[in-house]
Every structure is written in structure tokens, then in C-alpha cells.
């Protein structure tokens, strides 16, 4: 059954690419993006005034053969007064589908007495392709020109824009427009139907001295990804040395999860588990995600843009 499912998945995507071009928008991958908004919003680049190196690994549908697995490597930090720079590398595999992305982004921050807001723009190179193993699936036609084209890969150059801010050190808000401009690099006469997507986030910090609660919501409308919203509740304890939270996703993608994390020096470790409410959950062990964040130059007394467990 597992081999049939993976083969069918590859066949389904190959058949649909003649009109849609892209497999998906890669910004849906991480369930921890509300903790590290720089992954989905270039306006959050260098938002804390520190250098941050993030390594993120996720295994969706774990225990199921050919399950989606992704690795994200991200850096962002200040390069001049009010100016930030970031870079990302993403690799994702889903059965025989492959996606690779390289991104660079810059931001400009306006620091007002009660409101800090960053404006960012990102330039992205994305490649979608099939693995050579796809030819081993009996339902794939080896002579199909679409299959051979996807084995070579379809590459895109995208431009994204985002705004991220914190009001009064407690209310965080942001909106980004992924792939606001998207161009197929290879010469092609294929017409592509795509919609402009967005990611909107809103959160607030309730500081009760010995414990801090941070409810937040992140709404996502992305290309080739079902519309959904993540509702999150994060708790920080023991002077931010221990963190825990729950996440509930509503919309076409319905799931529930939890996360735990700790800070050791400049290292921030976060583990998240998610389980879908759909029937396919019975065939796998859920989603596991591990994030390791290394912070350089952290300012403990600076809360101007410090919201979320990624800080």
C-alpha cells in the first residue's frame, strides 16, 4: 500500500503540473514558524538586533514510507543601523517529489517609542523536481515528456515582501506576501494559474511575573496549500528556561499538537509533535519537528522586538 500511495502521489503531481507549475508553497512546512517568523516573513529579519542561526528538521507522517521530510537552515542578523540581512536554505522531499530553495532577504526597521516595525523583501530561487526513483514506479511513463522535464527540474525566481512589528513590547503583528512576483526561469510556453497568497500573524504577551503566556494566531493562504490557521498558546517558565505550548490548526488542514523547549546559554531547543484529525493519521505516527537556535549578542533587557519562543 505504501509503494502504491507514493507512486500515485508522484503521478498526481506530475499530471497537474501542466497547469499549476508549482508543487506547493514551502512556507507551510514548519509548524514552528510562529516562534521563528523570519522563516515566513522577511520583515522579521534581524528583529531582535542579534545574530541568529537556526537549524530545523521536520518529519511529517513519520513511520510512513516516503513521508515528507524537510531541513531548513536559516541565518539572520543586523548588518548596519536599522538594516538586517538573512539567508535560508531549504530542502524538502515528499515521496519522489523534491524541492530546494535558496533565499536572501533584507529588512529596514523603524524604531518608534512604542512601536517597532520592520519592512523586508526577499529574493528566492526555488527548484521543483522528481527524483530518479520515480522511474521505478510502474504507473509512470518513462517516455512522458512531462516526467522527463520534471526530472530535470522546474526552477523559479520569486520576490516576497513582509511587514513585522511589535507594539508596546507586547503585541506582535505581521503580514507577508509570499512569491508576490514569480517567474519561471526556463523557457516555457506553459500557462500557469496561481493566486497571490498571504500569511498574517497576531500575538500578545501576558506577563504574570513568574510565568508568561503568549497566545497567537497565524493565518495562511498559500499557493497549492489548503487554507488554514494555526491557533497557538505558549507558556514560558523559570525565567524563560522552560517553555511549553499547544497548537490547534483549523481549516482544510486540521491537526493538534504540542511543543516543549528549553534554553541552555545561547542555545534554544524546541521539539514539536502534531497529529492530524484526518483518517490518514491511522497510517503514520504523526509529525515530529526539532528546532535548534543559536543566538549571538542577545540583549536580555531589550524587549522592543522580543516576542515568541524563538527569542
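Taking 0.36 nm per residue of sequence separation and subtracting the Cα-Cα distance, how much length would be gained by fully extending the chain between residue 55 and residue 260, in nm to one decimal? List each step's numbers first, then the result.
Numbers: separation 205, 0.36 × 205 = 73.80 nm, distance 1.64 nm.
Gain on extension, residue 55 to residue 260, equals 72.2 nm.
Would you order 239, 81 from fewest to most other beta-carbon atoms within 10 Å of each residue's own beta-carbon? Walk me through the numbers before you get to the answer.
Numbers: 239 10, 81 7.
So the ranking, lowest neighbour count to highest, is 81, 239.
So how do 255-267, 94-106 stack up, highest first, on mean other-Cβ count within 10 Å? Before the final figure, lay out each step's value.
Details: 255-267: 15.7, 94-106: 19.9.
Most protected by this proxy first, the peptides run 94-106, 255-267.
Estimate the FRET efficiency between residue 294 and residue 217 by the formula 1/(1 + (r/R0)^6), using the beta-carbon distance for r and 25 Å for R0, to the nearest 0.05. Present the calculation step by step, with values, prior to reporting the outcome.
Details: r = 28 Å, r/R0 = 1.11.
The formula returns an efficiency of 0.35 here.
Pulled fully out, how much extra length does the chain show between residue 184 and residue 157, if you take 0.36 nm times their separation in residues and subtract their Cα-Cα distance?
Working: separation 27, 0.36 × 27 = 9.72 nm, distance 0.65 nm.
Result: 9.1 nm gained on full extension.
Please compute the length gained on full extension between residue 202 and residue 248, using 0.36 nm multiplied by the number of residues separating them and subtracting their Cα-Cα distance. Before the final figure, lay out each step's value.
Working: separation 46, 0.36 × 46 = 16.56 nm, distance 1.51 nm.
Extra length from residue 202 to residue 248 when fully extended: 15.0 nm.
If packing is taken as the mean number of other Cβ atoms within 10 Å per residue, what is the order of 197-206, 272-281, highest first?
197-206, 272-281
At what distance in nm do the modelled label points of residue 275 and residue 89 sit from each other, each positioned 7 Å from its Cα along Cα→Cβ?
With each label placed 7 Å out from Cα toward Cβ, I get 3.6 nm.
Only the coordinates and a few stated rules stand behind these numbers; no lab work does. Model, not experiment: these values are computed from the prediction. Reconstructed Cβ throughout: ideal geometry from the backbone, glycine too, with neighbour counts over all protein chains shown.
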